[in-house]
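A short worksheet on the structure shown next.
What follows draws every value from the coordinates through simple rules; no lab data is involved. As the structure is a prediction and not an experimental result, all values here were calculated from the model. FYI the Cβ positions are ideal-geometry reconstructions off the backbone, even for glycines, and counts take in every protein chain you see.
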Amino acid sequence: MPRRQPPQPPLDDTSKAIIEQLQEDGRRPYAAIGKAVGLSEAAVRQRVQRLQESGIMQIVAVTDPLQVGFARSAMIGITVDGDVGAVADRMEQLPEVDYLVVCAGSFDILAEIVAEDDEHLLEVINGQVRAIPSVRSTETFMYLKLRKQIYTWGTR
């Protein structure tokens, strides 16, 4: 049986405030964040490092794949016979998968795929995803235009 990750300790209000500052602007200087949350620049730097190392937060540049040379993006709904976790483990290894969730409903797994073109997308779906043992079926939802992509939902 796979080991479960130990539960993360709850975030304190200061860590939540730091996250919210970075959700608004991932390049905001630590000194400015410190001023807003009442900590020194060094203390903010340490907290951000801990938040990143623990997997609670990451700081990245988010792009529209269609605007940076990837002609095809799609969401793939996957239905599994058997162990969903084993299929998800294999899906995590695919470099074209940038978002992966195990879910309830019509599909067991949803995976966002970013590909260079239609041929590349077909190879990923047919040659890699459908080749995973226990994948029963897939349904592909092609992205035509990115209309909204935000990450400023705050914290609770």
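Key figures for this structure:
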{"quantity": "Fully extended contour minus Cα-Cα distance, from LEU94 to ASP64, at 0.36 nm per residue", "calculated": "8.8 nm"}
{"quantity": "Between helix 13-24 and the chain: long-axis angle, C-alpha atoms, 0 to 90°, nearest 10", "calculated": "60"}
{"quantity": "Neighbour-limited loop hits for trypsin sites (Lys or Arg not before Pro), segment 21-106 (at most 11 other Cβ within 10 Å; DSSP other than H, G, I, E, B)", "calculated": "ARG27"}
{"quantity": "Lysines whose Cα lies under 23 Å from that of LYS16, excluding same-chain neighbours fewer than 8 positions away", "calculated": "LYS35"}
{"quantity": "Reachable aspartates and glutamates, given that their alpha-carbon falls under 12 Å from the alpha-carbon of LYS148 and they are not under 8 places away in the same chain", "calculated": "ASP64"}
{"quantity": "Cα-centred dipole magnitude for the chain, charges only on beta-carbon of K, R (+1) and D, E (-1), debye, nearest 20", "calculated": "700"}
{"quantity": "Zero-based 10 Å bins, Cα pair distances in segment 13-53, whole percents", "calculated": "34, 64, 1"}
{"quantity": "Average Cα contact separation per residue, the chain, under 8 Å, 6 or more apart, as relative contact order %", "calculated": "25"}
{"quantity": "Whole-number Å³ per residue for the convex hull built on Cα positions in segment 65-142", "calculated": "77"}
{"quantity": "Spatial separation of Cα centroids for segment 121-151 and segment 20-58, in angstrom", "calculated": "34"}
{"quantity": "Helix-only CD estimate at 222 nm, as mean residue ellipticity for the chain, using -39500 (n - 2.57) per DSSP H run (n ≥ 4)", "calculated": "-8500 deg cm²/dmol"}
{"quantity": "Order of MET75, MET91 under a 10 Å beta carbon neighbour criterion, fewest first", "calculated": "MET75, MET91"}
{"quantity": "Taking LYS148, LYS16 and counting other C-beta atoms within 10 Å, the order from fewest to most", "calculated": "LYS148, LYS16"}
{"quantity": "Tail fraction, Cα-Cα pairs, the chain, threshold 19 Å, whole percent", "calculated": "64"}
